[in-house]
1. Specify the residue that is surrounded by the fewest Cβ atoms within 10 Å (Cβ to Cβ); the eligible residues are those in the stretch 95-112 that are at pLDDT 95 or above and of a type in the set (A, V, I, L, M).
2. Mind checking which pairs have a first residue in the stretch 64-77 that is within 13 Å of residue 33 (Cα to Cα) and touching a residue at least 12 places away in the same chain (Cβ under 8 Å) and a second that is of a type in the set (Ser, Thr, Tyr) and open to solvent by 50 Å² or more (accessible area, probe 1.4 Å), Cβ under 6 Å, 6 or more apart or different chains?
3. Considering only residues that are assigned to a loop (DSSP other than H, G, I, E, B) and farther than 15 Å from residue 111 by Cα, which ones fall in the stretch 15-26?
4. How many residues, within the stretch 1-27, are over 19 Å from residue 67 (Cα atoms) and out of contact with any Lys or Arg (no Cβ under 7 Å at 6 or more places or on another chain)?
Amino acid sequence: VQLQASGGGLVQAGDSLRLSCAASGRTSSNYVMGWFRQAPGKDRDFVAAISRRGASTYYADSVKGRFTISRDNAKNTLYLQMNSLKPEDTAVYYCAASSGNALGRSSYEYGYWGQGTLVTVSS
C-alpha cells in the first residue's frame, strides 16, 4: 500500500486543521492505520491509531480530547482532525499502515509510511 499525506500548513494556536492520508494499491481496510509526528530534533512519536473498520481508536495522552482519527474505507482515506492546536503540536505528521491487529503505538509496528506533511502552529 502506498500512502500520501496532505493538509498540513501554518496555523495559529487555537485553530483547527484536518490532515488526510490517501492510500493506493492494496485496499486500506486491510490495515490498522495510524498517525505519528516528529518535531525538529526529536524522535517520531505516536499520535493516534484506528482499527480496520474504524470501530476502535487509540490516542496519545497529549492529543486526547483535541484530535480525532477517522477513516473512510470507501475512499481509501485516513483523517486526523486537529482542534485547539498548540505550538507544541508543531511537527511533520506521518500516516502509517500496519498489517497487524493491534492499535500499536510503536513505529516499528507499522510497515508502510507516507511522506509526511508539515504542521506549524504559531503562538
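1. The residue in question is 97.
2. Close Cβ pairs (under 6 Å, with a partner that is of a type in the set (Ser, Thr, Tyr) and open to solvent by 50 Å² or more (accessible area, probe 1.4 Å)) amount to 69/57.
3. Across the stretch 15-26, the qualifying residues are 15, 16.
4. 8
The values are calculated or read from the model by the stated rules, or taken from the named source; none is laboratory data. Note that the coordinates shown come from a computational prediction; the quantities given were computed from them, not determined experimentally. Neighbour counts run over all protein chains shown; Cβ positions are idealised from the backbone, glycine included. The protein model used for the area step is the full one, side chains on, heavy atoms only, and it has no ligands, DNA or RNA in it. Shrake-Rupley method; radii C 1.70, N 1.55, O 1.52, S 1.80 Å.
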